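Peer 1: Quick one: the structure is below, questions incoming.
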Amino acid sequence: MKITLKVWRQKGPSDKGRLVSYVVDDVSPDMSFLEMLDVLNERLILTGDDPVAFDHDCREGICGMCSMVIDGTPHGPQRATTTCQLHMRHYKDGDTITIEPWRAAPFPVVKDLVVDRSAFDRIIQAGGFISVPAGSAPDAHSMPVAKNDADDAFDAATCIGCGACVAACPNGSAALFTGAKITHLGLLPQGQPERMARAKAMVEQMDAEGFGGCTNTGECVAVCPKGISLDVIGRMNADFLKSSK
Amino acid sequence: MNRIVDYTVGEPIRDAKAPTGPIEDRWETRKFKARLVNPANKRKLHVIVVGTGLAGGSAAATLGELGYRVTSFCYQDSPRRAHSIAAQGGINAAKNYRGDGDSIYRLFYDTVKGGDFRARESNVYRLAQVSVNIIDQAVAQGVPFAREYGGLLDTRSFGGAQVSRTFYARGQTGQQLLLGAYAALERQIAAGNVTMNTRHEMLELIVSDGRARGIVVRDMVSGEVETHLADAVVLATGGYGNVFFLSTNAKGCNTTAIWRAHQKGAMFANPCYTQIHPTCIPVSGEYQSKLTLMSESLRNDGRVWVPLAKGDARAPGDIPEDERDYYLERIYPAFGNLVPRDIASRAAKNVCDEGRGVGPGGLGVYLDFADAIERLGRDAVEEKYGNLFEMYERITGEDPYRQPMRIYPAVHYTMGGLWVDYDLQSTVPGLFVIGEANFSDHGANRLGASALMQGLADGYFVLPATIGDYLADAHRFDPVDDVAVAEAEISVRTKINRLLSINGTRTPDSFHRELGRIMWEFCGMERTEESLNKALELIPSLREEFWRDVKVSGTAEELNQVLEKAGRVADFFDLAELMCVDALHRTESCGGHFRAESQDADGEALRDDEHFAYVAAWEWSDQGPILHKEDLEYEYVTMTQRSYK
């Protein structure tokens with residue numbers, strides 16, 4: 001297949017950035033999207049051009065590092081799929097694909113498609129944990145957890161912290177990410193002692209980082225590669241309100 | 001660059017520092033005898049931890065909790081991304097919650113046996129003891145393990161085990177455990193006990209007055225070369241499976257940190273012990289950038305088969321039952337589809353070599369869930385393996401609920417690594433190595449669900465208990481030698497400049513791919529004297545070409561992923577050579593190291609305990625590697641030839 005790419009190129013945070021067109025003419029349908037970019041980059045290196053910088057690591061959809069807006073949609077057209085798991089069989093010969101970085105003020109561009117997502121780490125630092133120093137835990141069976149609660153907590157805990165939710169949100173809100181962690185820990189008995197303090201601290205940090213407010217547009221859920229539910233935002237808001245009383 | 005690859009034999013390692021006495025008391029004895037550091041003094045002691053996977057993340061968090069001043073580094077944009085996150089199947093622990101006959105002793109026994117009698121008894125026993133604490137710790141942190149309707153933890157049996165001791169969180173156990181360690185780490189960062197440096201890559205170890213006292217790193221965003229000094233350095237930088245280019249490792253996984261340390265005096269143990277995982281998605285083309293594992297938990301319910309006849313090109317559904325060969329069940333009736341990884345991998349290779357493989361190029365076997373779906377129902381299968389099935393469909397475009405998966409072995413884990421003593425200290429005082437980066441607990445073959453166990457055992461429980469004994473002397477350490485620091489920095493800058501100045505005609509990836517092909521073909525699933533000698537011819541010549549003709553674009557003072565890659569490939573060349581030397585010298589077969597010359601009449605790996613019951617610890621020298629042998633003694637588990645028939 002012959003594919004035309006329009007790729008966002010930006011030398012650094014202060015560069016203005018622009019879309020640059022490239023043609024890749026030997027794309028196989030079994031290639032992953034990132035393997036197609038590998039092919040492009042190999043060519044750019046040899047012609048002395050700067051290859052396209054992009055974040056990626058595990059390439060199996062779990063590390064959360066890859067982060068591209070593909071034709072306007074974070075992680076591209078396939079639902080519940082990270083960029084690295086998107087394959088070229090979803091495209092056809094002659095297609096033009098536009099690739100941009102996550103766009104949100106709290107995620108400044110580092111270079112090309114690479115952005116700085118350390119704001120997410122700071123939201124976790126604010127309270128996304130249960131305070132239990134190593135070695136101090138009671139026997140694991142001393143605290144049974146209803147299977148439904150454990151399953152729901154797990155569903156929220158599958159968030160990979162990629163930031164697609166923020167990139168998709170017209171407000172640049174991090175409510176799905178923050179709500180997922182608050183829900184995961186808040187559903188478990190172990191998470192109860194710090195539950196309200198956690199919700200308050202994490203929401204405040206989210207605001208301090210400059211993420212926008214949630215207006216329930218649901219764009220986040222539509223692009224989330226792990227299918228995190230909008231319910232987590234309701235839970236976050238409920239816990240935050242209770243914590244503020 | 002052509003080094004002589006002959007090796008010399010040096011002094012044996014006589015003492016790995018494990019306490020003596022009854023095996024069940026040794027860890028308690030060591031902890032009690034380890035000197036303690038006064039809490040007020042801990043704040044003055046600085047520890048560097050490189051890597052934030054299960055081992056590094058849990059170690060940095062725990063050292064922070066204990067009151068040490070910790071500086072942590074990772075090459076990713078967040079500590080949460082380390083490749084432990086991709087572990088799917090589960091984590092072993094001798095909880096015996098099922099009452100099915102499990103015990104610490106049985107987990108110990110299974111691990112020593114599974115490792116084909118090439119691991120230390122003392123270490124493995126401690127691992128089994130600590131395993132129970134890990135589950136308690138993880139549950140208290142909120143790790144959402146699978147549970148039964150009664151609210152208690154569910155377990156399953158896992159490759160090579162006849163008891164149900166594997167705790168799991170759907171197919172994402174590594175992710176959930178890592179996020180637990182990450183949360184603990186972020187808590188310590190918030191508390192000011194740990195300073196985190198993301199997007200930093202360690203490029204050199206600083207050794208001063210014979211002790212590890214710091215590292216040189218490159219800030220991968222600005223390109224700045226920085227020096228960080230400390231009282232001790234902990235490497236938790238993972239395995240080196242990417243020497244094969246194609247592996248299940250993340251793209252960024254590399255050997256540079258441990259290889260630099262090796263060149264600074266840390267011995268490298270058993271580099272040839274690599275684990276080939278039997279259940280990966282087969283290669284689809286030349287452009288392939290990595291391989292994806294399908295958790296071997298799938299083998300609990302999936303049945304492995306190939307057509308009975310060679311070259312049978314029918315669709316799997318059109319092949320009648322009596323024309324299928326469920327070869328694992330046939331050859332290994334007792335263990336069937338659950339035989340250990342090395343056995344399952346080699347069996348797959350054998351049937352493909354016979355021309356009975358399936359899929360593109362005949363490099364694949366079926367893993368079929370039709371029986372499980374009929375027996376348990378689709379919902380139950382989905383509950384257990386849903387995310388794995390989805391992942392498979394995304395990559396291959398095939399639906400495993402309707403047609404069998406195609407799988408093929410791929411490099412997955414490296415049992416070798418830097419040599420460490422019972423305290424997890426390397427041969428460089430003050431340099432500790434934990435997790436997959438060390439060699440310690442898995443012998444020649446790691447059992448399924450034991451990597452997560454070892455990483456967390458090292459990070460949460462073992463290292464934090466042993467490092468204090470070393471740091472208790474820190475007030476007597478000399479100031480760090482300026483010359484040692486300057487030399488380390490110069491060596492980093494020189495290498496970077498050299499890579500940038502070659503301006504040749506081949507990309508780093510093209511060299512890496514070619515090196516990987518050499519390793520897979522000649523030092524892969526099956527090795528012979530001839531193949532290894534061939535590899536030892538090819539590697540130096542390819543390395544020479546690399547240093548003459550590699551093209552690294554861009555500059556050192558920017559985010560430059562080509563430069564990062566080139567530096568890692570350069571170290572993989574040297575490591576590849578040592579792996580082949582080790583594989584060549586070990587003329588026996590054991591675990592993941594299969595020498596075709598050493599097999600029994602049934603084609604099973606044949607150990608040579610008389611000559612090879614030792615750890616091969618290699619010392620770096622300009623004149624070629626020096627072999628130091630640490631003899632392995634088995635007081636509790638009788639050495640037997642493994643049989644899974």
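Peer 1: Determine, yes or no, whether residue A:84 is in contact with a Leu (Cβ under 8 Å, 6 or more places away or on another chain) and assigned by TED's automatic domain parsing to the domain that holds residue A:222.
Peer 2: Taking the combined requirement at face value, the residue does not satisfy it.
Peer 1: On to the next question. Select from region B:69-83 the residues that are of a type outside the set (Lys, Arg), open to solvent by 10 Å² or more (accessible area, probe 1.4 Å) and more than 10 Å from chain A (Cβ to nearest Cβ) and list them in ascending order.
Peer 2: B:71
Peer 1: Restricting attention to region B:605-633, report how many residues are open to solvent by less than 70 Å² (accessible area, probe 1.4 Å) and more than 24 Å from the chain's Cα centre (by Cα).
Peer 2: Final tally of qualifying residues: 4.
Peer 1: Cβ-Cβ distance below 6 Å, separation of 6 or more or different chains: which pairs start in region B:31-50 with a residue that is closer than 21 Å to residue B:461 by Cβ and end on one that is of a type in the set (D, E, K, R)?
Peer 2: Here the result reads B:34/B:469; B:35/B:469; B:45/B:231, each pair linking region B:31-50 to a residue that is of a type in the set (D, E, K, R).
Peer 1: Considering only residues that are of a type in the set (S, T, N, Q) and farther than 16 Å from residue A:153 by Cα, look in region A:190-245 and name the one that is most open to solvent (accessible area, probe 1.4 Å).
Peer 2: Among them, the one singled out is A:216.
Peer 1: Right, here's the next one. Return the pair list, or none, for Cβ contacts closer than 9 Å from residues in region B:423-452 that are more than 21 Å from residue B:117 (Cβ to Cβ) to residues that are assigned to a loop (DSSP other than H, G, I, E, B) and of a type in the set (Phe, Trp, Tyr), at least 6 apart or on different chains.
Peer 2: Matching pairs, first to second residue: B:426/B:419; B:427/B:419; B:430/B:477; B:433/B:419; B:433/B:439; B:437/B:240.
Peer 1: So which residues in region B:560-572 are in contact (Cβ under 8 Å) with a residue 60 or more places away in the chain and farther than 17 Å from residue B:261 by Cβ, if there are any at all?
Peer 2: Selection gives B:560, B:563, B:564, B:566, B:569.
Peer 1: Check every one of the strands (runs of 3 or more DSSP E) wholly within region B:203-314 and list those with 1 or more residues that are out of contact with any Asp or Glu (no Cβ under 8 Å at 6 or more places or on another chain).
Peer 2: The strands (runs of 3 or more DSSP E) meeting that bar are B:211-219, B:225-229, B:232-235, B:274-280.
This table checks each residue for (1) in contact with a Leu (Cβ under 8 Å, 6 or more places away or on another chain); (2) basic (Lys, Arg); (3) at pLDDT below 95.
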{"position": "B:255", "(1), (2), (3)": "yes, no, no"}
{"position": "B:263", "(1), (2), (3)": "no, no, no"}
{"position": "B:273", "(1), (2), (3)": "no, no, no"}
{"position": "B:287", "(1), (2), (3)": "no, no, yes"}
{"position": "B:293", "(1), (2), (3)": "no, no, yes"}
{"position": "B:306", "(1), (2), (3)": "no, no, no"}
{"position": "B:336", "(1), (2), (3)": "yes, no, yes"}
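Peer 1: Further question: Scanning region B:463-472 for residues that are in a helix (DSSP H, G or I) and more than 11 Å from chain A (Cβ to nearest Cβ), which turns out nearest to residue B:133 (Cα to Cα)?
Peer 2: For region B:463-472, the residue satisfying everything is B:466.
Peer 1: Which members of region B:124-176 meet the condition of being touching a Leu at 6+ places or on another chain (Cβ under 6 Å), at pLDDT 95 or above and more than 10 Å from chain A (Cβ to nearest Cβ)?
Peer 2: Once the filter is applied, which keeps residues that are touching a Leu at 6+ places or on another chain (Cβ under 6 Å), at pLDDT 95 or above and more than 10 Å from chain A (Cβ to nearest Cβ), region B:124-176 yields only B:128.
Peer 1: Going residue by residue through region B:425-432, is there one that turns out to be under 22 Å from the mean Cα position of the chain (by Cα), among the aliphatic types (A, V, I, L, M) and closer than 21 Å to residue B:94 by Cβ?
Peer 2: no
Peer 1: Residue check: is residue A:112 open to solvent by less than 10 Å² (accessible area, probe 1.4 Å) and within 11 Å of another protein chain (Cβ to nearest Cβ)?
Peer 2: yes
Peer 1: If you go through region B:599-645 one residue at a time, how many are of a type in the set (S, T, N, Q), under 20 Å from residue B:589 (Cβ atoms) and in a loop (DSSP other than H, G, I, E, B)?
Peer 2: 4
Peer 1: Counting only residues that are free of Cβ contacts under 8 Å to residues at least 24 places away in the same chain and surrounded by 15 or more Cβ atoms within 10 Å (Cβ to Cβ), how many does region A:83-103 have?
Peer 2: Counting residues in region A:83-103 that are free of Cβ contacts under 8 Å to residues at least 24 places away in the same chain and surrounded by 15 or more Cβ atoms within 10 Å (Cβ to Cβ) gives 0.
The values are calculated or read from the model by the stated rules, or taken from the named source; none is laboratory data. What you are looking at is a predicted structure, and each value in this text was computed from that prediction instead of being measured. Heads up, the Cβs are rebuilt from the backbone with ideal geometry, glycines too, and the neighbour counts pull from every protein chain shown. Calculation scope for accessible area: heavy atoms of the full protein, side chains included, ligands and nucleic acids excluded. Shrake-Rupley method; radii C 1.70, N 1.55, O 1.52, S 1.80 Å.
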